[in-house]
1. In Å, what Rg and Dmax follow from the Cα atoms of region 1-78?
2. What net charge do the residues around ALA12 carry, taking every other residue with its C-beta under 12 Å from that of ALA12, with Lys and Arg at +1 and Asp and Glu at -1?
3. What is the spin-label model distance, in nm, from ILE164 to HIS58 if the labels are put 7 Å beyond Cα along the C-beta direction?
4. How large are Rg and Dmax for region 171-219 when only the alpha carbon atoms are used, in Å?
5. If the only charges are +1 at each Lys and Arg Cβ and -1 at each Asp and Glu Cβ, what is the size of the charge dipole of the chain around the Cα centre, to the nearest 20 debye?
6. If I model a spin label at ALA77 and GLU92 as a point 7 Å from the Cα along the Cα→Cβ vector, what separation in nanometres do I get?
7. Restricting things to alpha carbons, find the Rg to Rh ratio for region 1-41 using the Kirkwood radius for Rh.
8. If you filter region 8-54 for chymotrypsin sites (Phe, Trp or Tyr not before Pro), then keep DSSP loop positions with at most 14 other Cβ within 10 Å, what is left?
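We did not get these values from a lab; they are worked out from the coordinates using the rules stated. In this text the structure is predicted, and so the values were computed from the model without any measurement. Every residue, glycine as well, gets a Cβ built from its backbone with ideal geometry; the counts of neighbours run over all protein chains shown.
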Amino acid sequence: MTKIIAPSLLSADFANLQKDIEMINNSEADWFHIDVMDGVFVPNISFGMPVIKAIKKHAKKTLDVHLMIVNPDKYIADFKKVGADILTVHYEACTHLHRTIQAIKAEGMKAGVSLNPHTPVSVLEHIIIDLDLVLIMSVNPGFGGQSFIESTYKKVEQLKKMIIENNSKALIEVDGGVTDANIQQLSSIGVDAFVAGNFVFSNENPIKTIASLKKKATL
């Protein structure tokens, strides 16, 4: 399967967002990763609905929207309206996860669940068959530019085993600290999609960086 590169707009230049959107459009990236933070579930606040709607006007690729918010159920229909293609909620923020996943699918979006670094993959055993995506946080959510948490490798291996055993079609996505130094190893153990923010946007040539990540992930 082709590996997916999803640059995180959290690391983009907010004063010149359209320029960075066009850069991703013209690169080998596959998805736009959009982190939505509410200042409650995580300390920071990021993109709201109007900004995502504006991004959708210019983006020519899949919008992979990651909700780091409390009460995500309240906003599912709204995220569909502003253009989300994939909607990922946090296990830790959902009291009735199965219901939340079904509500996302009912709106015609792909449904994902994200796990914080301390949350074991075993919590997804009874819902893995219903998921399109599992997003493993390889840093603590809420801030860009953090170092990769090494225990992520073991977590991915456990998740891959669970997906195979349950005949699930869920993709594995990793978010946080992804670089050209670890992408190959992550790919080899079963990661399908890679969120890269700081590593892409702090580089002098982001298009070349994305191409390099894509190549290393596919080797």
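1. 12.9, 37
2. Values: positive: LYS19; negative: ASP13, ASP20, GLU22, ASP35.
Value of the local net charge: -3.
3. 4.3
4. 10.1, 30
5. On the way: 22 positive and 24 negative charges, 89 e Å.
Dipole magnitude for the chain comes out near 420 debye.
6. 3.0
7. With Rh from the inverse mean 1/r over Cα pairs, Rg/Rh is 1.05.
8. Numbers: sites: PHE14, TRP31, PHE32, PHE41, PHE47; in loops: PHE41, PHE47.
Listed in order of number, the matching sites amount to none.
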